[in-house]
Amino acid sequence: MTENNRAVLTGGCQCGAIRFAMSKAPAKISICHCRMCQKASGAPFASLADIEHEDFAWTRGTPASFKSSSIAERDFCAACGTPLSYRRIGGPRIEIMTGAFDRPDRVVPTRQYGTESRLGWVVGIANLPSQTTMQNYGPEKMATINSHQHPDHD
């Protein structure tokens, strides 16, 4: 991404040490259920937005990386541990974790991979009983919580 490109999507880690911007919309947004993505995200699956390197930039900080296989590296914030990306070594694209976007509602997955490792209970998530955070904690407890998370904007 060059300085002349206007950011279409932005995001970053939980503490704000690492920020990024995209000058184009992602080419593909997917969910991966493979065991490696489960471990890297600490979740039942990873949700990733694929973008060409030339349309992407780290705008604050430099993420740490872990070579998770002979073909790929995963970037994360060394300060807070937020998983940020998956990228093929020497490849033309980077895949950004959709939860790291300032507006994750704008990066909607359209396909799934690694379904051999999909956990059986994932398909029923939408049908589980649910509560908002306020309903779960209540107003008294919510009033005592001070977030240390970076806001979803620069």
Review point. What are the residues in the stretch 49-67 that are under 20 Å from Val107 (Cβ atoms) and surrounded by fewer than 14 Cβ atoms within 10 Å (Cβ to Cβ), if any?
Key: His53, Glu54
Point to revise | Test for Ser70: is it exposed (fewer than 10 other Cβ atoms within 10 Å of the Cβ) and without any contact (Cβ under 8 Å) to a residue 40 or more places away in the chain | key: yes
Revision key, fill the gap. Of the residues in the stretch 23-48 that are assigned to a loop (DSSP other than H, G, I, E, B) and open to solvent by 40 Å² or more (accessible area, probe 1.4 Å), the one that is nearest to Ser65 (Cα to Cα) is Gly42
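Residues Gly91, Gly99, Gly81: which one is surrounded by 10 or more Cβ atoms within 10 Å (Cβ to Cβ), closer than 24 Å to Phe20 by Cβ and more than 16 Å from the chain's Cα centre (by Cα)? Reasoning before the result, please.
Details: Gly99 fails: more than 16 Å from the chain's Cα centre (by Cα); Gly81 fails: more than 16 Å from the chain's Cα centre (by Cα).
So the residue among Gly91, Gly99, Gly81 that is surrounded by 10 or more Cβ atoms within 10 Å (Cβ to Cβ), closer than 24 Å to Phe20 by Cβ and more than 16 Å from the chain's Cα centre (by Cα) is Gly91.
The values are calculated or read from the model by the stated rules, or taken from the named source; none is laboratory data. As the structure is a prediction and not an experimental result, all values here were calculated from the model. Please note: Cβ atoms are built from the backbone with ideal geometry, for glycine as well, and neighbour counts cover all protein chains shown. Ligands, DNA and RNA are stripped out before the accessible areas are found, and what is left, the full protein with its side chains, is counted by its heavy atoms. Shrake-Rupley method; radii C 1.70, N 1.55, O 1.52, S 1.80 Å.
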